[in-house]
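What follows draws every value from the coordinates through simple rules; no lab data is involved. Small disclaimer: the values here were computed from a predicted structure and weren't measured. Here the Cβ is made from the backbone with ideal geometry for all residues, glycine too, and neighbour counts use every protein chain on show.
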Amino acid sequence: MNLTALTKIILFIACFVFARPVLSQQRNQNLIKTGFNLAQQQYHHMLENSPDLSMYPRTTAKDGSLRYVNIWDWTGGFWPGDLWYVYEYTKDTVWKKQSIKWTESLEKNKFNTSNHDLGFMMYCSYGNAYRLTGNENYKDVLIQSAKSLCKRYNPKIGSIESWNSRLSWDGKTMWHYPVIIDNMMNLELLFFASRVTGDRTYRNIAIKHAENTMRDHIRPDYSTYHVVNYDTLSGKVLNRQTCQGYSDNSTWARGQAWAIYGFTMVYRETKDPKFLKTAIHLADFYLKNKNFPEDKIPYWDFNVNENGFHPDWKYDPSAYKVVPRDASAAAIVSSALLELSKYAGKKGEGYKLNAVQMLNSLSSSVYMAKPGTNNDFLIKHCTGSFPHGEEIDVPLVYADYYYLEALLRLKDN
Ligand code: GLY
C-alpha cells in the first residue's frame, strides 16, 4: 500500500468518526427548528381563534371542531405549558404575555382537592412560569397547589388518591381508593414544594407514593397496571384493573409512558438507584416489546387483539381495520428517554437514539400537521380513551406539550 492510499483511508475514517456526530447534531437542530416554526404558526392561529381565557384548547371534537375545556379539566395546564415552551425557544415577549395570561387564569385550582391532577394542571403551567420568570407569586401558587394535592394523601395506604371512589369500568367493582399510574406525574409538584420551602413533608409523600406504585402497579415483567384499588381500612390492594387500557392485564401505552417519565423524574429528585432501575426496566419493556411498531409510535395499548387479553367493555374489533396509535404516548416517552439517557450509563446512548427516532417519526408528515390543519395542534393520531370511544385518532394538547419539551431537551442534550 502506498502512502497516498493509506492517507486516503485515514482521512475517510477520520471523516466518518468526526463528521458523523456533527451531521447528526445538525439534523437534530433542524428537527428542533422545524417543530418550533410549526408551533409558532399553529399557535398564532389558535390564539387568534381562542380569546376566551376560560376555554382551554384540548383536542378535536367528534364534529371536527376544536374542543375546549374549562379551567377545572385535567389538561388545563398544557396549553399555557405549550406557550411557555415556545417562549423559551423564541425568547419573544409576545409569547410570554400569552403564556402569563393563560397561566394566571388557572389560579383558582390552587385550592382544588377534587382529584390528583393538580400536578399536571399547575406544574405544567405555573411550574414553567416560575422557572422562566422567577415571579415569587407563582411560587406561592405552586406551594398552595402542593398543599391541596397532599390533602388527597392517606398515610394508612401511603398513596395519593387519584379519583374519588367510583365504579370500575365494567360497573362490577367499587373502587374505594383508586390510584392510577398517571399519578406518578403529579409528584414533581411535591418535590418542587419541598425544595422551595425546606419542608420535607411534600417530598416524603412523593417518595412513599412512588415506592407504593413500584410495589403495586408494576408487574414482574415491568409492564404496568393502570388502576390499583386499595382498602381504606387495611391499606391493602383490593383490585388491579384498567380504565383506559384494553384489559386489566394489558399494558396501556400512555400508562407505561407516564410510568417511564414518572420514575425517571423521581430518580432525578431522589438519586435513589431503585427508581433508576425501575425507570430503565419500564423503558426496556416498552422499547423491546414485540408489538412495538417500527416507526416507534405505539398502538394505544400493547396487547390489542392478543390472545389472553379480554376487554370487559363493549369492543368491536371490526370497527377499526388498523389498530389506532397513540402519538401522545410517543411524545411523553421521547421526552422521558432524553432525560433517562443522562442517568443510564452505557444504555444512555441507546435511549437517546430511540428518542430521536420517535421525534423524527412525530415530525414526519404522517404525524405532524400541515400548517393551518389539525385545529392548530401539532401532533396527529393520538388516542385519549379508546374504551370510552373518546378522542380516537385526534390531536391532544398534551402530545404537543411533551413533544415540545422533548425538542427543548434535545437542544440541551
Ligand atoms: N391522566 C389521563 C390520561 O392520561 O388520559
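Round to a whole angstrom and tell me the spacing of the C-alpha centers of segment 28-70 and segment 265-284.
Centre-to-centre (Cα) distance: 33 Å.
Return the aspartates and glutamates within reach of K156: Cα separation strictly under 13 angstrom, same-chain partners fewer than 8 residues apart disregarded; answer none if there are no such residues.
D231
On alpha carbon coordinates alone, what is the Rg over Rh value for segment 36-99, Rh being the Kirkwood radius?
With Rh from the inverse mean 1/r over Cα pairs, Rg/Rh is 0.97.
Using Cβ contacts closer than 10 Å as the measure, can you line up M358, M55, M265 from fewest to most?
Exposure proxy ranking, most exposed first: M55, M265, M358.
Fewest Cβ neighbours within 10 Å first, please rank E104, E88, E349 accordingly. Mind showing how you got there, number by number?
Working: E104 16, E88 19, E349 11.
Neighbour counts put them in this order, fewest first: E349, E104, E88.
Sequence neighbours fewer than 8 away in the same chain don't count; with that in mind, list the lysines whose C-alpha is under 16 Å from K172.
The qualifying lysines are K314.
What are the semi-axes of the equivalent ellipsoid for the chain, taken as the square roots of 5 times the Cα gyration tensor eigenvalues, largest first, in whole Å?
Each semi-axis is √(5λ); the values are 33, 26, 24 Å.
For segment 74-222, what is the relative contact order in percent, using Cα pairs closer than 8 Å and at least 6 residues apart in sequence?
20 percent
Would you mind telling me which residue in H209, H226, H281 has the biggest mean-square fluctuation in a Gaussian network model of the chain, where springs connect alpha carbons within a distance under 10 angstrom?
Taking springs between Cα atoms under 10 Å, the residue moving most is H281.
Taking springs between alpha-carbon atoms closer than 10 angstrom, which of S250, S234, S365 fluctuates most in the Gaussian network model of the chain?
Highest fluctuation of the listed residues: S234.
So for S105, S162, S335, S328, fewest C-beta neighbours within 10 Å to most, what's the order?
So the residues, fewest neighbours to most, are S105, S162, S335, S328.
My understanding is that a pair violates if its Cα-Cα distance is over 20 Å; which of K288/K380; K342/K380; K271/K347; K108/K380; K62/K108 do that in this structure?
K288/K380; K342/K380; K108/K380; K62/K108
K236 to H281: extension gain in nm, 0.36 nm per residue of separation minus the Cα-Cα distance?
On the way: separation 45, 0.36 × 45 = 16.20 nm, distance 2.52 nm.
So the extension gain works out to 13.7 nm.
log₁₀ I(q)/I(0) of segment 71-123 at q = 0.26, 0.29 Å⁻¹, via Debye over equal Cα point scatterers, no solvent, to two decimals?
-0.92, -1.06
In percent, how large is the relative contact order of segment 53-140, given Cα pairs closer than 8 Å and 6 or more residues apart?
Relative contact order comes out at 27 percent.
Apply the Karplus parameterisation 6.51 cos²θ - 1.76 cosθ + 1.60, with θ equal to phi minus 60°, to every residue of segment 289-303 and state each ³J(HN,Hα) to the nearest whole Hz, in sequence, with x for glycine and proline.
Those phi angles translate into 5, 5, 9, 8, x, 4, 7, 6, 10, x, 5, 4, 9, 6, 10 Hz.
Hey, rough spin-label estimate for K156 and T7, points 7 angstrom out along Cα→Cβ, what's it come to in nanometres?
Result for the modelled spin labels: 8.3 nm.
Roughly how tilted is helix 78-90, in degrees to the nearest 10 and between 0 and 90, from the longest Cα axis of the chain?
Approximately 30 degrees, to the nearest ten.
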